[in-house]
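Student: Here it is: the structure, laid out below.
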Amino acid sequence: MNRYKKLVSDTLILGIGTFGSKLLVFLLMPFYTAWLSTSEFSTAELINATANLLIPLACVGIGNGIFRFAAERESDQKAVFSTSIALLGIGSAIFAVLSPLLMLIDYFDGYLWLIVCYVLSANLQSVCAQYVRAIDRTRLFAVQGILNTALTILCNVIFLVAFDMGVTGYVLSVIVGNLLTTLFLVILARLWLVFDVKRIERRLMKDLLKFSLPMVPTTVCWLLTDLSDRYMVTYFCGSDVNGVYSAAYKIPTVVNLISGIFMQAWQFSAVAESSDETTCKRFYSEVFRGFLSVIMIGTVGLILLSDFLTGLLLNTAYADAARYMPTLLCAAALEAIVSFLATVYMVKKKSMHSFLTAMVGTLLNIVLNLILIPRLGALGAAIATMASYGSVLIVRSVDATRMIRFRLCLPRMILSVLLILAASALMTANMRGAVWWTLIPTALMFALNTPALLGSLKRLLQHRRGT
């Protein structure tokens, strides 16, 4: 299959699966914000964020490694899966032994068992799902995403409405969803036939760890960028404000959703086409051209609609979320571009570069949080997050393009970033006629990026006709 046709096909399949599942979450935001107070929602989100911080530590980053190694055309996939499961077991056992240390944090009193179960169930589900994606069973990967979300929502309704379990029910729903989805993958992909103790290889284990371990601090860095926001907003402004800020994060995840759908398909294509350097450069250049256009047009459109979306999706107690949302949307757009550049490190197996560049953003985020949150409240946290992703974008734009010298569309990218910053500033200022003023950068964004997007679509059709 033509590489472009394959990329589009995988993106559409993953898009249907992922968008369907995420759409359910967005539609149920009024339900969550109605059944959980701002304080309870803050607690639930802090548990969720803390568990996500611990997930890569407990699995020693093997979720990244199993995909990268199993996706190679000449890999021994049974050996990769078996060795990865062995590493996951070792990491999980160490985590379980050390988990009582979390009791030192008073905030988690009574929730330790939830955090431990969350981490272990999420890691098992992730490793099985990433293996299925690596062996090119894209449809099954997409279906399990929808199933996971549907099961989580069903459990949410049962635990929150029927049993009134509050924070515990909210988090327990995720755990049950992960476990049932893992069982689904094991049965459908017949994974019990793939795992073989005799195929666990010490040399492969070392190679997996060499690639995966640097990805752990990378993932932790990005999660700390998110988690430091929540903790510092809670500390300086209170849990109620953090609940509103956490809710404001939900709508910018649309940008992350679009980026994530594409990135899942793109990673497979990037690895598959990495052997020919000339083809790889051309492939990266053409794909990035269209990717940048979609992300920037989508972001400015969501900024324009931020007030409307807040009223539509959130309870009235969360109305202040509209103040933080435009800045968080800018941060999400920068994060999407940063994630695209990260695929260069994955293809070249330069995971240490991924960590070092991510650390730049995390350190800047923490420093800016300490400076801005006491002065600007939760808006300061949003600005710090945006600035941290911007700093990583600058560093990776130089570093990653040295490894694969593809066209970065630098003038258009800079102008696009300036336009979303202008739109965000106008909406955040909340002055009279802000929406009408925001139409100006929105129109300029469409004028700047639509020709590039149409050009990418035209070349894609030409490539497909050439197959």
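Student: Conditions: (1) modelled with pLDDT under 85; (2) closer than 19 Å to Ser92 by Cβ; (3) crowded, with 20+ Cβ neighbours inside 10 Å. Val116 meets all but one. Number of the miss?
Tutor: Only one criterion is unmet by Val116, namely (1).
Student: Test Arg203 against the criterion of being part of a helix (DSSP H, G or I), surrounded by fewer than 16 Cβ atoms within 10 Å (Cβ to Cβ) and touching a helix residue (DSSP H, G or I) at 6+ places or on another chain (Cβ under 7 Å), and give yes or no. Steps first, answer last, please.
Tutor: Numbers: part of a helix (DSSP H, G or I): yes; surrounded by fewer than 16 Cβ atoms within 10 Å (Cβ to Cβ): yes; touching a helix residue (DSSP H, G or I) at 6+ places or on another chain (Cβ under 7 Å): no.
When the stated conditions are applied, Arg203 does not pass them.
Student: A further question follows. In the range 123-141, how many residues are of a type outside the set (Lys, Arg) and not in a helix (DSSP H, G or I)? Let's see the steps before the verdict.
Tutor: Initially, the range 123-141 is screened for residues of a type outside the set (Lys, Arg), giving 123-132, 134-136, 138, 140-141.
Among the residues that remain, those that are also not in a helix (DSSP H, G or I) are: 135-136.
The number of residues fulfilling the criteria is 2.
Student: Given the conditions (1) buried (at least 20 other Cβ atoms within 10 Å of the Cβ); (2) modelled with pLDDT under 85, and given that Gly311 satisfies all but one, which numbered condition is not satisfied?
Tutor: (1)
One line per residue, one yes/no per condition, for (1) in the same structural domain as Phe41 (by TED's automatic domain parsing); (2) of a type in the set (Val, Ile, Thr); (3) within 17 Å of Ala44 (Cα to Cα):
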residue: Phe95; (1), (2), (3): yes, no, no
residue: Cys117; (1), (2), (3): yes, no, yes
residue: Arg133; (1), (2), (3): yes, no, no
residue: Val143; (1), (2), (3): yes, yes, no
residue: Thr182; (1), (2), (3): yes, yes, no
residue: Val186; (1), (2), (3): yes, yes, no
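Student: Only one of these conditions is not met by Lys78: (1) under 24 Å from Val347 (Cα atoms); (2) within 16 Å of the chain's Cα centre (by Cα); (3) surrounded by fewer than 19 Cβ atoms within 10 Å (Cβ to Cβ). Which number is it?
Tutor: Of the numbered conditions (1) under 24 Å from Val347 (Cα atoms); (2) within 16 Å of the chain's Cα centre (by Cα); (3) surrounded by fewer than 19 Cβ atoms within 10 Å (Cβ to Cβ), the odd one out for Lys78 is (2).
Student: Here's something else I'd like to know. Taking the condition of being modelled with pLDDT of 85 or more and among the polar types (S, T, N, Q), how many residues in the range 153-178 meet it?
Tutor: Looking only at that region, the number is 2.
Student: For the range 332-354, how many residues meet the condition of being more than 18 Å from Lys281 (Cα to Cα) and crowded, with 23+ Cβ neighbours inside 10 Å?
Tutor: Residues meeting the conditions: 7.
The values are calculated or read from the model by the stated rules, or taken from the named source; none is laboratory data. Every value quoted in this text rests on a predicted model; they were computed, and no experiment measured them. Glycine gets a Cβ as well: all are built from the backbone with ideal geometry, and neighbour counts include every protein chain shown.
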